[in-house]
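Colleague: I'd like to ask you about the structure that follows.
Read-outs throughout are calculated quantities, based only on the coordinates presented, and are distinct from any laboratory measurement. Only a predicted model underlies this, so the values are computations on that prediction, with no experimental measurement involved. All Cβ positions, glycine included, derive from the backbone under ideal geometry; neighbour counts span all protein chains shown.
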Amino acid sequence: MTEAAATGTPSAYASIRGGSSALTRTRVRAAWTFIAPTLIVLALVAGWPLARTIWFSLTDADLNNLGDYTFIGFENYLANYDGEWFGLLTDPDWWLSVWNTVWFALVSVSIETVLGTIVALILNAAFPGRGVMRAIILIPWAIPTVVSAKMWNWMLHDQFGVINDMLLRLGLIAAPITWTANPVTALWTVVMVDVWKTTPFMALLILAALQMLPQDIYEAAKVDGVHPVRVFFRVTLPLIKPALLVAVIFRTLDALRVFDLIYVLTANSRDTMSMSVFARQQLVDFQEVGLGSAASTLIFLIIALLVVITMAAGRVRLGGDSR
Amino acid sequence: MADVALRNIRKSFGGAQVIHGVNLEIRDGEFVVFVGPSGCGKSTLLRLIAGLEDITSGDLYIDGDRVNDLAPAKRRIAMVFQSYALYPHMNVYENMAFGLELAKASKAEIDQRVREAARLLQIDELLDRKPKQLSGGQRQRVAIGRAIVRDPKVFLFDEPLSNLDAALRVQTRIEIAKLHSDTRATMIYVTHDQVEAMTLADRIVVLNKGRIEQVGTPLELYHRPANLFVAGFIGSPQMNFIQCEVAGAGPDGVLVRLPHGGTLAVPVQADGLRPGEPVTLGVRPDHVHVREGGILRGRIELVEQLGENHLLYVNADGLRLTSREPGDSRHRTGGEVGLDFSGESCHVFRPSGEALSALTSAAGSTGTARSRIA
Ligand SMILES: Nc1ncnc2c1ncn2[C@@H]1O[C@H](COP(=O)(O)OP(=O)(O)OP(=O)(O)O)[C@@H](O)[C@H]1O
Ligand SMILES: [Mg+2]
């Protein structure tokens with residue numbers, strides 16, 4: 001609001017010099033009037049559940065009887081009985097799920113970024129049928145995750161799946177692979193399906209950034225005889241970097257709370273369990289609301305931490321001028 | 001440094017032809033300016049020379065080599081874009097050095113060339129700034145600097161000054177003129193601005209609808225326009241045109257009958273004109289003088305006082321004439337004045353638009369250069 005007010009109008013000037021003018025006060029009031037509904041809705045749908053989850057994580061609540069619980073402090077996280085440590089922070093399954101999730105996020109987002117950039121560059125070139133291609137490429141993204149996960153589940157089925165069938169016929173494998181059950185392939189399979197589904201989204205975001213670029217500098221580079229690959233790394237990439245980082249952050253956030261894809265593809269398998277799947281298992285299967293809430297709270301903290309790190313590393317100011 | 005030759009150059013976008021067979025020889029070290037109304041193909045022609053567009057048919061030679069199929073980078077040209085086309089994320093130094101880094105130039109050599117160009121253009125203080133931290137004029141100079149460091153055979157400018165304010169335009173124009181006299185490089189320059197064209201050009205190329213109307217020195221075009229289009233395009237305010245009839249033709253010139261009676265002898269080659277034929281008489285506002293008892297009498301529709309001179313817009317029974325006289329005007333809008341002009345200061349155009357050539361070099365120019373393309 002101060003930015004909007006400080007646009008050089010006499011009243012804004014006066015407000016800087018001493019006290020706020022009537023106009024500035026009106027503007028501030030108008031601004032609050034406009035954001036208030038959003039703030040209220042956010043508090044109701046995001047703030048309240050978050051606060052409740054954090055509160056439950058400090059109790060021994062049980063899913064069977066939610067009304068009856070006692071405050072136990074941080075014992076869900078870490079507790080010491082008779083010199084032995086208990087709690088989430090000592091649970092190897094939890095740490096495995098954290099590792100799985102981070103690995104999944106890193107690998108899938110990296111692949112999606114590279115592939116998405118390539119697809120966007122292709123779609124940005126002028127060729128006949130470009131409009132149709134742009135629409136077609138979005139199809140994987142438009143399919144609900146549960147549906148595409150189920151579809152892949154069938155395609156990857158060890159006995160009836162079309163993928164094993166094709167690989168067998170081509171002679172690339174000797175025996176069917178249990179893609180989603182084999183600990184070696186399971187997480188890679190999840191990554192592959194996620195890449196298939198989300199690359200279009202990345203490509204579209206990057207394409208939007210590409211189309212904002214001025215065309216004349218490319219002609220200048222052409223006259224200067226700069227090699228196209230060099231133009232990409234020295235001109236295009238630096239210029240789309242802010243948009244690219246925003247896309248990467250969005251996708252990373254998304255990937256860190258991955259649930260439906262993994263749950264449908266591999267259910268509660270330890271090899272691929274993500275943080276969200278772990279939390280669900282504690283909360284629903286084991287009915288441990290306290291422990292599940294503690295896991296959810298940790299997910300929240302981990303994601304928040306990673307976002308802060310990413311933003312600091314990329315030095316992007318979401319919302320500010322980033323060029 | 002090189003000469004540039006265009007031989008019957010044509011360009012079509014899809015089905016639409018926008019350049020219709022252009023022939024032009026540009027000499028080594030010459031400063032050639034393309035002028036013409038918006039959409040006439042100036043930028044397209046420049047981009048064809050640069051290699052940013054493919055030539056549909058015809059031949060383009062730079063320094064004697066046919067370059068039709070050569071990539072822009074291999075033509076040894078440098079282009080300055082109207083929009084500057086600076087890389088927004090690079091500072092001034094990097095902007096100027098970027099194109100050089102490939103050209104087998106050593107770091108020290110690049111550095112030397114960039115700093116030399118920066119000094120020449122007085123932007124050496126700005127080398128660390130990003131384009132958005134520069135004023136329009138400074139950006140334009142960086143764009144020119146980027147062209148200079150490449151040491152091109154030919155400089156191409158596409159309306160480089162059109163985004164600058166009037167004062168900066170004059171200043172940068174002088175700098176470009178100086179750059180030309182310093183480097184003696186061949187320069188091709190596109191502009192809308194007549195003053196730019198007249199002051200910078202060794203020769204001006206007037207384009208209209210994808211064809212060359214006339215090529216000549218600025219004064220040739222001004223004093224000896226080859227046709228109605230050039231006569232109307234060059235000079236501001238525009239030349240006055242009067243529809244007349246031939247009253248007589250002989251070795252001394254053409255006698256024309258003015259629309260409201262009276263005749264005027266114009267010393268131009270009659271060249272087969274016959275009495276009764278319609279012609280267009282052209283006379284520049286500077287040659288139309290206020291004098292009682294002159295050829296015409298009319299009512300003043302508007303007086304424009306410009307300080308060093310003034311313009312009178314006069315309506316003589318439906319015939320509109322402009323007169324420019326030095327100093328302040330004592331005339332008022334609505335008043336009546338007599339206007340006069342001499343036959344020597346007039347041009348005569350055939351119905352086809354073609355100008356009749358003068359008998360004498362009355363207006364002080366030497367010869368005519370005509371290059372009408374059929
Ligand atoms: N890429 C293109 N595709 C189709 N038509 C084009 C293209 N570029 C230019 N034209 C057409 O070619 C003609 C000449 O355009 P050009 O840009 O050369 O004009 P110009 O003389 O530079 O005009 P201005 O003074 O307004 O810059 C115009 O009619 C324009 O519509
Ligand atoms: Mg143009």
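Colleague: When the helix-only estimate is applied to chain A (DSSP H runs of n ≥ 4, each -39,500 (n - 2.57), divided by the residue count), what is the mean residue ellipticity at 222 nm, nearest 500 deg cm²/dmol?
Modeller: Value at 222 nm, helices only, nearest 500: -20500 deg cm²/dmol.
Colleague: Taking only DSSP H segments of four or more residues, each worth -39500 (n - 2.57), what value at 222 nm results for chain B once the sum is divided by all its residues, to the nearest 500 deg cm²/dmol?
Modeller: For chain B, the value works out to -6500 deg cm²/dmol.
Colleague: Then there is this: Just to confirm a number: summing +1 for Lys and Arg and -1 for Asp and Glu over residues other than residue B:259 whose beta-carbon lies under 11 angstrom from that of residue B:259, what do you get?
Modeller: -1
Colleague: Under a 5 Å amide H to amide H cut-off, with H placed in plane at 1.01 Å, what residues pair with residue B:208 once short-range neighbours are removed?
Modeller: Here B:213 satisfy the definition.
Colleague: While we're here: Note down the nm distance, to one decimal, between modelled labels 7 Å out along Cα→Cβ at residue A:52 and at residue B:263.
Modeller: 10.7
Colleague: Which aspartates and glutamates have a Cα less than 17 Å from the Cα of residue A:241, not counting those fewer than 8 places away in the same chain?
Modeller: Answer for residue A:241, where 17 Å is the Cα cut-off: A:112, A:321, listed by chain and number.
Colleague: Across 20 Å bins from 0, what is the distribution of all Cα-Cα pair distances for the protein assembly as shown, in whole percents?
Modeller: Answer for the protein assembly as shown: a P(r) of 13, 29, 27, 18, 9, 3, 0 percent.
Colleague: Follow-up question, since we're still on this one. What FRET efficiency comes out for residue A:147 versus residue B:70 if R0 is 60 angstrom and r is the Cβ-Cβ distance? Round to the nearest 0.05.
Modeller: 0.65
Colleague: Still on this model: Which three extents, in whole angstrom, do the alpha-carbon atoms of region A:93-313 cover along their principal axes, largest first?
Modeller: Taking max minus min along each principal axis of the Cα atoms, region A:93-313 gives 66, 48, 26 Å.
Colleague: Another one. Quick one: what are the phi-derived ³J(HN,Hα) couplings along region A:107-115, Karplus 6.51/-1.76/1.60 with θ = phi - 60°, whole Hz, x for glycine and proline?
Modeller: Per residue, the Karplus-derived 3J(HN,Hα) values read 5, 5, 5, 4, 4, 4, 5, 5, 4 Hz.
Colleague: For B:139, B:76, B:332, A:257, what ranking results if the residue with the fewest other Cβ atoms within 10 Å of its Cβ goes first?
Modeller: Neighbour counts put them in this order, fewest first: B:332, A:257, B:76, B:139.
Colleague: So which of B:130/B:153; B:153/B:178; A:222/B:74; B:11/B:42; B:153/B:209 end up more than 19 Å apart, counting from Cα to Cα?
Modeller: With Cα atoms farther than 19 Å apart: B:130/B:153; B:153/B:209.
Colleague: What dipole magnitude, in Debye to the nearest 20, does the protein assembly as shown give about its Cα centre under +1 on Lys/Arg Cβ and -1 on Asp/Glu Cβ?
Modeller: Here the size comes out at about 1140 debye.
Colleague: Moving to a separate point now. Within 10 Å of each Cβ of B:73-80, how many other protein chain Cβ atoms are there on average?
Modeller: 3
Colleague: Related question: Give, as a single signed number, the net charge of other residues whose beta carbon lies under 12 Å from the beta carbon of residue B:158, with Lys and Arg counted +1 and Asp and Glu -1.
Modeller: Surrounding charge for residue B:158 is -1.
Colleague: Just to be sure I understand the model, the point goes 7 Å from the Cα along the line to the Cβ. What's the resulting residue B:116 to residue A:268 distance in nm?
Modeller: Each label point is offset 7 Å from its Cα along the Cβ direction, giving 7.8 nm.
Colleague: Follow-up. Take the alpha carbon atoms of region B:68-140, find their center, do the same for region B:326-345, and report the distance between the two centers in whole angstrom.
Modeller: Comparing the Cα centres of region B:68-140 and region B:326-345, I get a distance of 52 Å.
Colleague: Give a residue-ordered list of calculated ³J(HN,Hα) values for region B:274-288 (Karplus: 6.51 cos²θ - 1.76 cosθ + 1.60, θ = phi - 60°; whole Hz; x for Gly, Pro).
Modeller: 10, x, x, 6, x, 9, 10, 9, x, 9, 6, x, 5, 9, 9
Colleague: Test of understanding: express the Cα radius of gyration of region B:237-349 as a ratio to 2.2 N^0.38 Å, with N the residue count.
Modeller: 1.10
Colleague: Looking at A:240, A:263, A:287, which one has the Cα that reaches farthest to the positive end of the dipole of region A:225-298 (charges on Cβ: Lys, Arg +1; Asp, Glu -1)?
Modeller: Positive-end residue among those listed: A:240.
Colleague: Let me ask something else. May I ask you to compute the full-extension gain from residue B:320 to residue B:236, defined as 0.36 nm times their residue separation minus their alpha-carbon distance, rounded to one decimal in nm?
Modeller: Stretched out fully, the residue B:320 to residue B:236 stretch lengthens by 28.7 nm.
Colleague: What helices in chain B pass both tests, a Cα length along the helix axis of 18 Å or more and a mean Kyte hydropathy of -1.0 or higher, using whole DSSP H runs?
Modeller: Membrane-span-like by this criterion, though nothing is claimed about a membrane: B:107-120, B:136-149, B:166-183.
Colleague: When Lys and Arg each count +1 and Asp and Glu each count -1, what net charge do the other residues less than 15 Å away from residue B:235, Cβ to Cβ, add up to?
Modeller: -2
Colleague: Still on this structure, please answer the following. Taking the beta-carbon count within 10 Å as an exposure proxy, list A:246, B:279, A:277 from fewest neighbours to most.
Modeller: So the ranking, lowest neighbour count to highest, is A:246, B:279, A:277.
Colleague: I've got another one for you. Can you pull the Rg over Rh of region B:4-230, Cα-only, Kirkwood?
Modeller: 0.97
Colleague: Which whole-Hz couplings ³J(HN,Hα) result when phi for each residue of region A:90-105 is put into the Karplus expression 6.51 cos²θ - 1.76 cosθ + 1.60, θ = phi - 60°, listed in order with x for Gly and Pro?
Modeller: 9, 7, x, 5, 4, 5, 5, 5, 4, 4, 4, 5, 5, 4, 4, 5
Colleague: For region B:4-230, what's the relative contact order in percent, using C-alpha pairs closer than 8 Å and at least 6 residues apart?
Modeller: 29
Colleague: Also, quick follow-up: Report the charge-dipole magnitude of region B:1-128 in Debye, nearest 20, computed about the Cα centre from +1 at each Lys and Arg Cβ and -1 at each Asp and Glu Cβ.
Modeller: Magnitude of the dipole: close to 380 debye.
Colleague: In region A:219-241, which residues have a backbone nitrogen under 18 Å from the label point lying 7 Å from residue A:208's Cα in the Cα-to-Cβ direction?
Modeller: Those under the cut-off are A:239-241.
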